[in-house]
Amino acid sequence: MGDASLSQEEIDALLMGADDVGEEDNLGGFGDAPPESSYSSSDFSALVQSFNEAMVGAAQAASSLVNKNINITDLQISDSDRLRAGDEIGLNSIVIDISMGSHRTAIVFDEDIAKRISMYMMGATQAPEVMDEAYLSTLNELANTILSSLSNNLGQKFKDNLVPSSPTAIIYKGGGDLPDFDSERLKKFEYELTINMDEPAKLVQYISEDAVLQWNNSIGEESSPAERGGGFSAPQQQSGQQQGQMSGGYQMSAGKKDYSGGSVNINPVNYPSLTPSGMKGQMPSNIDLLLDVQMILTVELGRTRKYVKDILGLGEGSIIELDKLAGEPVDLLVNGKLIAKGEVVVIDENFGVRVTDIVGPAERLARLAAE
């Protein structure tokens, strides 16, 4: 510098015994930096594409769960380690300890996006001030849904069991809240997460580097034998006689097309009558067979919808408003299907229902369509 003065950043570096200013940024303020990985970000282009494609289905599953349009896109993979991750995660973020198969991972939601997601899933009108167990459980369910979808899409491709374990969500207070990863070196998977096209947030997952390298190598092994230099030749078509020998001496044909070099005549199967002898003409009609079947008849006074928090708040003396007006006919349902309407009467101190209207087929179909 021209005036030979030191900046505050350089003074801090000297006080910590660093050889240069840039070393602190590399270490994240902890110990010696682990050796750099021999893989650059470009080495994972196929892996990034696979995860981005699989996240399309995972985002759809998450959208159904949250009841909002969710997009999870634009994966970026970078090097990390446990110490660096402990520095990167903000206080009060939600860290979810969940394994992908045998690989221990951590999913991180920033505090703001975590509260928004929990608010939507709980049906609340405003974000919670404090994330209690009920709200944390919604994020557990979301993380399990996302990783289950990834497992279905990527498990076979990576030749690995990626079925997620039971998740555990905690409020992050420091590096001790991170799970025990499989290795010290990690990979940081960072996605853009948007809800209803709002301002994008970050969805971060930390995975051991060993697992990521294993998956990346398995993608490279998907090339054909010819591409790997081993050569490839299609198996020769077997003769009809050879095929017949392999199938136990029988040659199959369908219609006029001969797939095996030969043909046989296929005769229709004649099934014996299921009616016992001597009972023909004595069998009851179809409806008679059902006359002694019991069905559940329900009288429904009304219905309403409530949030989980409202239902949990019910107690003795609580009043629930229904969707029926006073004096309006009640519904008669058989096995949950509306068949009639009626009015409530009292018979010898017992409640009863006088049927006032039978629901016709047209109205029943209209109600089913509305449901």
Practice prompt. Read through the list (1) within 19 Å of T168 (Cα to Cα); (2) part of a helix (DSSP H, G or I), then give the number of the only condition that G90 fails.
Written response: (2)
Discussion item. Give all pairs with beta carbons closer than 6 Å in which a residue from region 134-152 that is in the same structural domain as A59 (by TED's automatic domain parsing) meets a residue that is at pLDDT 90 or above and surrounded by fewer than 17 Cβ atoms within 10 Å (Cβ to Cβ); count only pairs at least 6 apart in sequence or on separate chains.
Written reply: S149/G57; S151/V163
Worksheet entry | Contacts under 9 angstrom Cβ, first residue in region 357-368 being in the same structural domain as G342 (by TED's automatic domain parsing) and surrounded by 10 or more Cβ atoms within 10 Å (Cβ to Cβ), partner part of a helix (DSSP H, G or I) and modelled with pLDDT under 70, 6 or more apart | V359/R367
Discussion item. For region 47-95: of the residues being farther than 13 Å from T194 by Cα and of a type in the set (S, T, Y), which is surrounded by the most Cβ atoms within 10 Å (Cβ to Cβ)?
Written reply: S80
Discussion item. If I filter region 321-371 down to residues being assigned to a strand (DSSP E or B) and of a type in the set (K, R), which single residue comes out as nearest to R305 (Cα to Cα)?
Written reply: K337
Worksheet item: Would it be correct to say that N153 is closer than 22 Å to Y307 by Cα, assigned to a helix (DSSP H, G or I) and not small (G, A, S)?
Response: no
Discussion item. Among the residues of region 7-28, are any at pLDDT below 65, surrounded by 14 or more Cβ atoms within 10 Å (Cβ to Cβ), out of contact with any Phe, Trp or Tyr (no Cβ under 7 Å at 6 or more places or on another chain) and within 30 Å of F158 (Cβ to Cβ)?
Written reply: yes
Practice prompt. For residues that are modelled with pLDDT of 80 or more and outside any loop (DSSP other than H, G, I, E, B), scanning just region 273-310, find the one that is farthest from G342 (Cα to Cα).
Written response: K309
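Let's see how each residue does on (1) in contact (Cβ under 8 Å) with a residue 40 or more places away in the chain; (2) more than 25 Å from L65 (Cβ to Cβ); (3) assigned to a strand (DSSP E or B); (4) within 23 Å of the chain's Cα centre (by Cα):
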| position | (1), (2), (3), (4) |
| --- | --- |
| S183 | no, yes, no, no |
| L186 | yes, yes, yes, no |
| L193 | yes, no, yes, yes |
| D198 | no, no, no, yes |
| L203 | yes, no, yes, yes |
| Y206 | yes, no, yes, yes |
| V212 | yes, yes, no, yes |
| S218 | yes, yes, no, no |
Response to the item:
Checking L65, L83, L47 in turn, the sole residue that is farther than 14 Å from A169 by Cβ, in contact with a Ser or Thr (Cβ under 6 Å, 6 or more places away or on another chain) and not charged (D, E, K, R) turns out to be L65
Discussion item. Against the conditions (1) closer than 17 Å to K68 by Cα; (2) in contact with a helix residue (DSSP H, G or I) (Cβ under 8 Å, 6 or more places away or on another chain), where does H103 fall short? Just the number, please.
Written reply: (1)
Discussion item. Looking at region 114-133 only, could you name the residues that are touching a residue at least 40 places away in the same chain (Cβ under 8 Å) and surrounded by 22 or more Cβ atoms within 10 Å (Cβ to Cβ)?
Written reply: I117
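The values are calculated or read from the model by the stated rules, or taken from the named source; none is laboratory data. Please read these numbers as outputs of a predicted model, since none were measured by experiment. Reconstructed Cβ throughout: ideal geometry from the backbone, glycine too, with neighbour counts over all protein chains shown.
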